[in-house]
Amino acid sequence: MHRELLPIFEGLFITTNPAPIKYALRVTGIPVGTVRLPLVQVNENERDMINSLLEEFQEYLIKKK
């Protein structure tokens, strides 16, 4: 399982944490605040990558049912 999910784990470290994690949680409907300075929100390219990772994770979950 770890090896199957490793690309997702690694992808969530595309920029300084916790920005990618907070974005992913917000997208999935879990209310979290924004990052505090000096950190910044994820940019458009990073959002696209995180959204893609979340889609892969959904596909993974569907396959495991």
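Some observations on this one:
- Residue match in the stretch 21-35 (condition: part of a helix (DSSP H, G or I), charged (D, E, K, R) and surrounded by 15 or more Cβ atoms within 10 Å (Cβ to Cβ)): yes
- Residues (in a loop (DSSP other than H, G, I, E, B) and within 12 Å of the chain's Cα centre (by Cα)) located in the stretch 36-50: Val42
- Count - residues of the stretch 1-20 that are of a type in the set (A, V, I, L, M), in contact (Cβ under 8 Å) with a residue 12 or more places away in the chain and either part of a helix (DSSP H, G or I) or within 22 Å of Lys64 (Cα to Cα) (or both): 4
- Selection status of Leu53, part of a helix (DSSP H, G or I), loosely packed, with under 15 Cβ neighbours inside 10 Å and either aromatic (Phe, Trp, Tyr) or touching a residue at least 24 places away in the same chain (Cβ under 8 Å) (or both): no
Just so you know, all these numbers are worked out from the coordinates, no wet-lab data involved. Values in this document were obtained by computation on a predicted structure and should not be read as measured data. Note: ideal-geometry Cβ built from the backbone for every residue, glycine included; neighbour counts use all protein chains shown.
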